[in-house]
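Visitor: Let me give you the structure first, and then I'll get to my questions.
None of the figures in this text is laboratory data; all of them are computed from the coordinates on show. Please read all numbers here as calculations on a predicted model, not as lab measurements. Quick reminder, even Gly has a Cβ in these numbers, built from the backbone with ideal geometry, and neighbours come from all protein chains shown.
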Amino acid sequence: MNDFVNVGMIGYKFMGKAHSNAYRALPMFLPDVPKPRMTAICGRDEQAVRAAGQQFGWDSVETDWRALIARSDIDLVDINAPSDAHKEIALAAAAAGKHIFCEKPLALNLSDSREMLAAAQQAGVKHMVGFNYRFAPAVRLAKKLIEEGRLGRIYHFRGLFLQDWIMDPDFPLVWRLRKEVAGSGSLGDLGAHTIDLARYLVGEFDEVVGMTETFIKERPMPTEMTGLTAKGSADGPRGEVTVDDAAMFMARFDNGALGTFEATRFANGHRSTNFFEINGSKGSVRFDFERMNELEVYFSDDAEDVQGFRRVLATDAAHDYMHAWWPAGHTIGYEHTVTHEVHELMRAIAEDRQPVPNFSDGVKCQAVLEAVERSAAEKRWVSLREFDS
Ligand code: SOE
């Protein structure tokens, strides 16, 4: 097993910081896998990426991702640039024989995601997609309860991902609000996570019916921006919002369970509510990322006089990953899910297997996104079979 994996990362803002934190924390808390070596960080703005590289602890800086991929001292390419850059970079990384860690959503559309998967498979490299919420210990407890049959037959999945960061009509037109850069709006940015959690916990999608809405049709052009923050003049030039502000859809799963989904950036008061509830014949579970260390569980075979949802604090050694951190009862946060994600990637590289979730999960998520968009446009139920390649 290689003791090190040399990482080249493209992107240096929100997810660049989260991934950098994970690479630094991994050897200290989860040392049973190869150590990620923070070899090079890449971004177009040389001054900004040099500052980020210095602050996050990267060994070198690149301003052209092609130069980064061409380096012989890079084993893994980490892509957390905006979504329109994912495909070109991933295809080049695969062609160069580099492992790939790509942020979600995998691509702008299903066709591009399939091309990325095929290229990675052809190159024989490891490929992972950044669905980090699978790596919350409480979510893995939900998975364990379902797999052990302790919820019985699953009837319902109901998932919400609610934010409110663009409620101000004068919030500028950042890249997440432009289809050619983001692919979609709340559906692909937030709904992708909920779709992935549903696939991870319940199963594959059979058909969907949905709707989308763009409440604010145009916004001030930004004078400077990140993915989530921006400056722009309310009386300056304005541009068209070309993605959804909100999406809602229903789903039938292959196993007969039913799902309801909501993704919005207009749920005033919800900074980032990422919630699901699953109901089965023998019990239910409820998870809210704002209380990410807890899983609410209900078992219908509890004694009648004490039946009801109870709160499990998923911080014991019995809970995935918690052995790595602190004694029972000491809680963890958002950034730990990314560290756990990177642990899975490093372990997969060491064990010469594909990490989970990988590009095939990214493709399946992209198919559901495309099905929802088709349903919203054509106002009909859409079967995932329509997208079989
Ligand atoms: C959007 O605000 C966002 O940053 C998503 O892009 C992330 O994937 C999600 O984890 C948090 O919210």
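Visitor: If you place +1 on the Cβ of every Lys and Arg, -1 on the Cβ of every Asp and Glu, and leave all else neutral, what size is the dipole of segment 4-133 about its Cα centre, to the nearest 20 Debye? The partial results should precede the final answer.
Guide: Numbers: 14 positive and 14 negative charges, 45 e Å.
Here segment 4-133 has a charge dipole of around 220 debye.
Visitor: Just need the relative contact order of segment 52-190 here, percent rounded to a whole number, with Cα pairs under 8 Å and 6+ apart.
Guide: Details: 137 pairs, mean separation 29.7, N = 139.
This gives 21 percent for segment 52-190.
Visitor: Extension gain GLU204-ASP288, at 0.36 nm per residue separation less the Cα-Cα distance, in nm?
Guide: The span from GLU204 to ASP288 would gain 28.0 nm if fully extended.
Visitor: Calculate the tail of P(r) for the chain: the fraction of all Cα-Cα distances greater than 29 Å, expressed in %. List each step's numbers first, then the result.
Guide: Details: 33279 of 75466 pairs.
For the chain, the share of Cα pairs beyond 29 Å comes to 44 percent.
Visitor: Counting Lys and Arg as +1 and Asp and Glu as -1, each charge on the Cβ, what is the dipole of segment 80-174 about the Cα centre in debye, to the nearest 20? Present the calculation step by step, with values, prior to reporting the outcome.
Guide: Values: 12 positive and 10 negative charges, 157 e Å.
For this selection, approximately 760 debye.
Visitor: Let me ask something additional. Sort TYR298, TYR23 so that the residue with the fewest other Cβ atoms within 10 Å of its own Cβ comes first and the one with the most comes last. Present the calculation step by step, with values, prior to reporting the outcome.
Guide: Working: TYR298 18, TYR23 24.
By the 10 Å Cβ count, ascending, the order reads TYR298, TYR23.
Visitor: Let me ask something additional. Listed highest first by mean packing, meaning other Cβ atoms within 10 Å per residue, what order do 317-329, 84-96, 349-361 come in? Spell out each step's value before the answer.
Guide: Values: 317-329: 14.4, 84-96: 20.8, 349-361: 18.8.
By packing density, highest mean first, the sequence is 84-96, 349-361, 317-329.
Visitor: In addition: For SER111, project a label point 7 Å along Cα to C-beta. Then give me every residue of segment 77-99 with its amide nitrogen under 19 Å of that point.
Guide: The answer is 83-92.
Visitor: Going by how many other beta carbons lie within 10 Å of each one, how would you line up ASP235, ASP206, fewest first? Walk me through the numbers on the way to the answer.
Guide: Values: ASP235 7, ASP206 16.
With the sparsest Cβ surroundings first, the list reads ASP235, ASP206.
Visitor: May I pose another question? What helices does the chain hold that run 27 Å or longer along their axis, going by alpha-carbon atoms, with a Kyte-Doolittle average of -1.0 or more, using DSSP H for the helix calls? Could you put the intermediate results ahead of the total?
Guide: Values: long enough: 359-378 (28 Å, 0.05).
Once both thresholds are applied, what remains is 359-378.
Visitor: Something else now. When the helices in the chain are scored as -39500 (n - 2.57) per DSSP H run of 4 or longer and the sum is shared across all residues, what 222 nm value do you end up with, to the nearest 500 deg cm²/dmol? Numbers along the way, then the final one.
Guide: On the way: 10 runs with 119 residues, N = 389.
Per the formula, -9500 deg cm²/dmol.
Visitor: Which three lengths, in whole Å and largest first, does segment 4-133 cover when its Cα atoms are put on their principal axes?
Guide: Largest first, segment 4-133 extends 37, 36, 31 Å along its Cα principal axes.
Visitor: Any lysines with Cα under 23 Å of the LYS17 Cα? List them, leaving off those in the same chain fewer than 8 positions away.
Guide: In chain and number order, the partners are LYS35, LYS87, LYS98, LYS104, LYS126, LYS231.
Visitor: Got the relative contact order for segment 263-312 handy, in percent, Cα pairs under 8 Å and 6 or more residues apart?
Guide: For segment 263-312, the relative contact order is 24 percent.
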